[in-house]
Amino acid sequence: MPAHPSSSPSVDAVSTDPALHLRADGLSFAYPDRRVLTDVSLVVPAGRPTGLLGENGSGKSTLLRILAGQLRPEAGTVAVPGPIGVLHQELPFPPAATLAEVIAHALERSRRLEQELITAGEVLGADGGEPAPRAVQRYDQLLAEATIADVWNAERRADEVVEGLGLGDLDRATGIGKISGGQRERLALAHLLISRPTSWLLDEPTNHLDEPGAAFLAAAIAAHPGPVLIASHDRAFLDDATVAQLDLDPAESPVAAEPGGLTAYTGGFSDYLLARFEARDRWEHRYRTEQEELANLRQAVVDAASVGHAGAAPRTEARAAKKFYADRNAAVVSRRLRESRARLAQLEQNQVRRPPAELHLTHLPQADAPTGAGAVQLALSGVTLTGRLAPTSFSLSAGQHLLVTGPNGSGKSTLLDLVVGALEPTAGTVDRPRGLRIGHLGQDDIAPVGISVGRHLREAAGLDGAEDSAVPELFGLVHPRDLARPLELLSRGQLRRVMLAAVLLRGPEVLVLDEPTNHLALVTATRLEAALAQWEGTVLIASHDRWLRSRWQGERLELPARTDPPA
């Protein structure tokens, strides 16, 4: 029997098989210092790529590790069709391993499946009679696995993946220890796409991908017939690559129920964003309405239980019955009292939980009025840094917003460091008014050791750094309970929030932001962009965020790809 079936099952047929759906039921997990997942249940259908969303610290990475079998949950069950593909941030190969060896390793499963399918077909054809049921079952199982893995196109697909992820120019004899960190991460992604396991669990898969690479990955995900679950801060990618979202952030629930679980949304990230904001508005409106009704009901019970004049003591039903037995309104009063008490008890039991205060940017500091109409605040003329930045010139007037874009290595971060004086140019000039307050947020946040969140923010605001001194403005970015935490214990997203708050506390006239949406939760990043668009101060941003760039309303500066060798 041929290895390539003449009537192999279609991708659509494979995708609709419920046995290929990724499922979890009632998952709970806690670290020693905090609980991150409570009663989480989900289904990721095969062939329907799904985004995994949530605030920083909501448990996205933890959930992916549980689904991958790397963590054991305290409670709940998991069913993930194998083999499971997990995107490794570091390749499990020694530095001396070559690109060719990594690619060959990724192809091993396809080659093995194809050989096993040939052998199973030969077993079926060896007996001229009716094939044994077990042999038929074995062949069908291998055929389904081979179809999902696309074994008949594996060699061609491997070349396409290497090229599509921007690794085509690398010599395949190069050891992976000699390529950059970003190239190694892309190679790890290439390994997963080439081996093509049944279930894909992807944590930040677009790190170090340019636009063509992200588009290639989105197309590969769309073509995969198995389940795909993606945790990503790349909003444009989620819009392109997913058709459903799972949100770990708190949602509307009864106060009597234990908080937890997740909320499922249909559609890409744009659809989710609109639906989530609407759901939050409904939750807040319901909570306010119920609290008002509870207050009215409690007062109604007090009023109905009183004798009827100010200062009268509450009455019992027995006293009321004796005193007002002859009063034809007694039955009405008693009925209203019972109804109020019943409604109050029902509402107290079923009332919705108070919406937690969302940790998101509430506002930006008031920008100082420009010193003069069209006053130039930044001017660069022929600024160059050998091996890092080609000659660049631009000027920024007060209140102007400029977005710097360009391919990786074009010098975006270098340009911003030159603007703020962190670097000195090889040639050219950087002019800025004396005393200009520049708020600079770098691309990589470094947490000083031994300093608390509160002390760092107080010092940024020019206040006493003591722990018991006044709390500075937090801009909705930092939770008050985290003020005593050491900076080095924060997650990347939490540290990013603190560093952004510190920049804003310095009262900047000019904001210089390098990849400001890095590591921020998606809703927070969206609110930050909206606030920046309305800010009256001067803004200089460098970003590869396609979502931000596609919605940018200010000026743009595109840096060319650098052709000179790096310094």
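Using mean Cβ contacts within 10 Å as the protection proxy, how do 510-522, 428-440 order, highest first?
Values: 510-522: 22.5, 428-440: 13.8.
The packing order, highest mean first, is 510-522, 428-440.
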When all Cα-Cα pair distances of the range 156-300 are considered, the percent exceeding 23 Å is 51
With charges only on Cβ, +1 for K and R and -1 for D and E, what is the dipole size of the range 365-458 about its Cα centre, in debye, rounded to 20? 180
For the modelled label position 7 Å from the Cα of residue 88 along Cα-to-Cβ, which residues of the range 57-80 have backbone nitrogen atoms closer than 17 Å? 65, 68-71
Protein-only accessible surface order, largest first, of 206, 362 at 1.4 Å: 362, 206
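Residue separation times 0.36 nm, minus the C-alpha to C-alpha distance between residue 289 and residue 386: what's the value?
Numbers: separation 97, 0.36 × 97 = 34.92 nm, distance 6.34 nm.
This chain segment gains 28.6 nm when fully extended.
Ordered by packing density, taken as the mean number of other Cβ atoms within 10 Å over each peptide's residues, highest first, how do 237-249, 151-163 rank? Write out the running numbers ahead of the final one.
Details: 237-249: 22.4, 151-163: 17.5.
Packing order, densest peptide first, comes out as 237-249, 151-163.
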How far apart, in nm, are two points set 7 Å out from the Cα along the Cα-to-Cβ line at residue 132 and at residue 252? 5.9
Under a crude label model (7 Å from the Cα following the beta-carbon direction), how far is residue 75 from residue 533 in nanometres? 4.3
Dimensions (Å) - the range 407-451, Cα atoms, principal axes, largest first: 39, 33, 16
For a Förster distance of 25 Å, can you work out the FRET efficiency between the beta-carbons of residue 379 and residue 473, rounded to the nearest 0.05? 0.20
Alpha-carbon centroids, the range 457-522 and the range 93-161: separation in whole Å: 53
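Sum -39500 (n - 2.57) across every DSSP H segment of at least 4 residues in the chain, then divide by the residue count to get the 222 nm mean residue ellipticity, nearest 500. Mind showing how you got there, number by number?
Values: 16 runs with 218 residues, N = 567.
So the calculated ellipticity at 222 nm is -12500 deg cm²/dmol.
Dividing the convex hull volume of the Cα atoms of the chain by its residue count, what figure in Å³ per residue is obtained? Each step should come with its number before you reach the end.
Values: hull volume 136.3 nm³, N = 567.
Taking only Cα atoms, the chain has a hull volume of 240 Å³ per residue.
If each residue of separation counts as 0.36 nm, what is the full-extension length gain between residue 424 and residue 348 once their alpha-carbon separation is subtracted? Write out the running numbers ahead of the final one.
On the way: separation 76, 0.36 × 76 = 27.36 nm, distance 6.49 nm.
Extending this stretch completely gives an extra 20.9 nm.
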What distance in nm lies between label points placed 7 Å from Cα along the C-beta direction at residue 174 and residue 111? 2.4
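For the range 407-515, compute the orientation-averaged projected area of the C-alpha convex hull (one quarter of its surface), in nm².
Working: hull surface 32.9 nm².
Its average projected convex-hull area is 8.2 nm².
How big is the antiparallel share of DSSP beta bridges in the chain, given as a percent to the nearest 5?
Details: 28 of 59 bridges.
In the chain, DSSP labels about 45 percent of beta bridges as antiparallel.
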Quick one: length gained pulling residue 124 to residue 303 fully straight, 0.36 nm per residue minus the C-alpha distance? 55.9 nm
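The values are calculated or read from the model by the stated rules, or taken from the named source; none is laboratory data. None of these values were measured; they are calculated from a predicted model. Counting neighbours? That spans all protein chains shown, and the Cβs are built from the backbone with ideal geometry, glycine included. These accessible areas exclude ligands, DNA and RNA; they are computed on the full protein's heavy atoms, side chains included. Shrake-Rupley method; radii C 1.70, N 1.55, O 1.52, S 1.80 Å.
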